[in-house]
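Since the structure comes first, as structure tokens, the remarks are kept for the end.
The values are calculated or read from the model by the stated rules, or taken from the named source; none is laboratory data. What you are looking at is a predicted structure, and each value in this text was computed from that prediction instead of being measured. In this analysis, Cβ positions are derived from the backbone assuming ideal geometry, glycine residues included, and neighbour counts consider all displayed protein chains. To get the accessible areas, we keep the full protein, side chains included, count just its heavy atoms, and leave off ligands, DNA and RNA. Shrake-Rupley method; radii C 1.70, N 1.55, O 1.52, S 1.80 Å.
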Amino acid sequence: MDACPGGQQGSETMATAERVESLRAKHAALEARISEEILHPYQDDDEISRLKREKLRLKDEITRLAPDA
């Protein structure tokens, strides 16, 4: 017997996979911004720190949603 009536487990899995892909795209975009900021002659260390914290938060969420990733 299914734990989720109406086959919702499959749609929840799909929604989670889509969420993880979205988070990975944001994570990659932050990586690019961090690299860009580091190469800038007048780096904003506060901005770099903020971007790195956000990137780590995204990575933690990705790991929580897809532990095998």
Of the conditions (1) modelled with pLDDT of 95 or more; (2) surrounded by fewer than 14 Cβ atoms within 10 Å (Cβ to Cβ), the single one that residue 10 does not satisfy is (1)
Single condition residue 37 does not satisfy, out of (1) exposed (fewer than 14 other Cβ atoms within 10 Å of the Cβ); (2) part of a helix (DSSP H, G or I):
(1)
Inside segment 40-57, can you point out the residues that are part of a helix (DSSP H, G or I) and over 11 Å from the mean Cα position of the chain (by Cα)?
45, 46, 47, 48, 49, 50, 51, 52, 53
Among the residues of segment 27-69, what is the count of those that are within 20 Å of residue 16 (Cβ to Cβ) and small (Gly, Ala, Ser)?
3
Looking at segment 7-29, I want the residues that are charged (D, E, K, R) and have a partner that is open to solvent by less than 90 Å² (accessible area, probe 1.4 Å) and assigned to a helix (DSSP H, G or I) with Cβ atoms under 7 Å, at least 6 apart or on another chain. Which pairs are those?
19/65; 24/62; 26/58
First in segment 58-69 and part of a loop (DSSP other than H, G, I, E, B), second anywhere and open to solvent by less than 60 Å² (accessible area, probe 1.4 Å), Cβ under 8 Å, 6 or more apart:
66/16; 66/17; 66/20; 69/20; 69/62
Only one of 57, 24 is modelled with pLDDT of 95 or more and surrounded by 15 or more Cβ atoms within 10 Å (Cβ to Cβ). Can you tell me which?
24
